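Asks: Sharing a structure with you now.
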Amino acid sequence: METTVLTVTARDQSGTRAALKVRQEGGMPANITGGGQPTQVITVNRREFDAAVRKGFRAFELELEGAKTRVCLQEVQWDSMGDDILHVEFLRDADGSIFAERKAKAEAEED
């Protein structure tokens, strides 16, 4: 499984106003869910993430305060024209099994 590392920062606030502020500052609001842990609200560098997604990456290592968390994409919210990413949901995937299962299912559907 090919992954790329993204450096992210934790956010104290969530909600519409906080997300707008993050976007105005050049970031992208995101959440990390799953793995039996509470949801974590983060900010991702918009340019890094956009470049990785357009290159085909769907599995990532998120570096937050020196610790790396392995995740896969759960959901990407696009603007109404489909040009800009507004919000991302990541799913914790410590052993890579979720990503592998999704990839196998997608390949089977192509056949």
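The values are calculated or read from the model by the stated rules, or taken from the named source; none is laboratory data. As the structure is a computational prediction, the values presented were derived from the model and not from experiment. Neighbour counts are summed over all protein chains in view; Cβ atoms, including those assigned to glycine, are modelled from backbone coordinates with ideal geometry.
Asks: Of all residues in the range 39-60, which are modelled with pLDDT of 90 or more and either in a strand (DSSP E or B) or β-branched (Val, Ile, Thr) (or both)?
Replies: Result: 39, 40, 41, 42, 43, 44, 45, 60.
Asks: Restricting attention to the range 76-95, which residues are under 23 Å from residue 63 (Cα atoms), touching a Leu at 6+ places or on another chain (Cβ under 8 Å) and either in contact (Cβ under 8 Å) with a residue 60 or more places away in the chain or assigned to a loop (DSSP other than H, G, I, E, B) (or both)?
Replies: 88, 90
Asks: Which residue out of 70, 58 is in contact (Cβ under 8 Å) with a residue 60 or more places away in the chain, under 17 Å from residue 98 (Cβ atoms) and either of a type in the set (Asp, Glu) or in contact with a strand residue (DSSP E or B) (Cβ under 6 Å, 6 or more places away or on another chain) (or both)? Reasoning before the result, please.
Replies: On the way: 58 fails: in contact (Cβ under 8 Å) with a residue 60 or more places away in the chain.
Going through 70, 58 in turn, the sole match is 70.
Asks: I've got another one for you. Can you tell me which condition residue 98 does not meet? The list is (1) assigned to a strand (DSSP E or B); (2) of a type outside the set (Phe, Trp, Tyr); (3) in contact with a Cys (Cβ under 7 Å, 6 or more places away or on another chain), and all the others hold.
Replies: So residue 98 meets the others, but not (1).
Asks: Please pick out the residue among 80, 14 that is at pLDDT 90 or above and over 11 Å from the mean Cα position of the chain (by Cα).
Replies: Criteria check complete, one pass: 80.
Asks: Could you please find all residues in the range 59-86 being among the basic types (Lys, Arg) and surrounded by 18 or more Cβ atoms within 10 Å (Cβ to Cβ)?
Replies: Hit for the range 59-86 is 70, nothing else.
Asks: Another question, if that's okay. Which residue is nearest to residue 4 (Cα to Cα), if the candidates are limited to the range 24-69 and must be among the charged types (D, E, K, R) and in contact with a helix residue (DSSP H, G or I) (Cβ under 9 Å, 6 or more places away or on another chain)?
Replies: Residues of the range 24-69 among the charged types (D, E, K, R): 25, 46-48, 50, 54-55, 58, 61, 63, 65, 68.
Remaining after also requiring in contact with a helix residue (DSSP H, G or I) (Cβ under 9 Å, 6 or more places away or on another chain): 46, 58.
On the way: 46: 14, 58: 9 Å.
Within the range 24-69, the match that is nearest to residue 4 (Cα to Cα) is 58.
Asks: Within the range 45-91, count every residue that is closer than 17 Å to residue 20 by Cα and among the hydroxyl-bearing types (Ser, Thr, Tyr).
Replies: Going through the range 45-91 one residue at a time, the tally reaches 1.
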